Amino acid sequence: MTKIPMTAEGFRALDEELKRLKTVERPAVIQAISEARDHGDLSENAEYHAAKDRQGWIEGRVAELEDKLARAQVIDVSKLSGETVKFGATVTVLDEDTGEEATYKVVGEDEADVKDGKISITSPIARALVGKETGDVVEVNAPGGLKSYEILKVEWR
């Protein structure tokens, strides 16, 4: 069974989504199915079929979240340190082509949100950065072509 690395914050977010699905969404969809059944003929009842589809999605997502939480390897970033980029590091890089600085935090797949500066450990840029130190230049084979970044700073926050 493969462990899934994630921060404590990411674990909490998945756990909260699971609780919401079980305590709010699941009962609501069961109620919707019950009400739709009361309307008669189920073969032509769009409300019933929509509610059943929603129920299928909810049950699938619950199973997925339970699996991820069971396999979670929660990493406490506050206890990490060092000069080398690894999971949980906040890295400031300089795009050598444009001269723009960007700051990214390397997180688990489910936590990634580029708009929020969080990149997945499995993303091309994170894979290129991991194991490197301040001052190193990395080349990333990004969807837009080859990009070069200089690592300006590695922090733990």
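The values are calculated or read from the model by the stated rules, or taken from the named source; none is laboratory data. None of these values were measured; they are calculated from a predicted model. Cβ coordinates were reconstructed from backbone atoms using ideal geometry, including for glycine residues, and neighbour counts include every protein chain displayed.
Taken over segment 137-155, the criterion of being farther than 17 Å from GLY99 by Cβ and surrounded by 14 or more Cβ atoms within 10 Å (Cβ to Cβ) is satisfied by VAL154 alone.
I'd like to check which strands (runs of 3 or more DSSP E) are fully inside segment 29-127 and have at least 2 residues that are small (Gly, Ala, Ser). Here the list is empty.
May I ask you to verify whether GLU111 is loosely packed, with under 13 Cβ neighbours inside 10 Å and under 28 Å from VAL154 (Cβ atoms)? For GLU111, the condition - loosely packed, with under 13 Cβ neighbours inside 10 Å and under 28 Å from VAL154 (Cβ atoms) - is not met. The single condition among (1) under 30 Å from LYS147 (Cβ atoms); (2) among the aromatic types (Phe, Trp, Tyr); (3) touching a residue at least 60 places away in the same chain (Cβ under 8 Å) that TYR104 does not meet is (3).
Evaluation of GLU96 against the conditions (1) in the same structural domain as GLY144 (by TED's automatic domain parsing); (2) more than 17 Å from ARG157 (Cβ to Cβ); (3) buried (at least 17 other Cβ atoms within 10 Å of the Cβ) shows that the sole unmet condition is (3). The set of residues in segment 118-131 being touching a residue at least 12 places away in the same chain (Cβ under 8 Å) and either surrounded by 14 or more Cβ atoms within 10 Å (Cβ to Cβ) or in contact with a Leu (Cβ under 6 Å, 6 or more places away or on another chain) (or both) consists of LYS118, ILE119, SER120, ILE121, PRO124, ILE125, ALA126, ALA128, LEU129, VAL130.
Considering segment 37-61, and only residues there that are among the acidic types (Asp, Glu) and surrounded by 13 or more Cβ atoms within 10 Å (Cβ to Cβ), the residue that is farthest from LEU21 (Cα to Cα) turns out to be GLU47.
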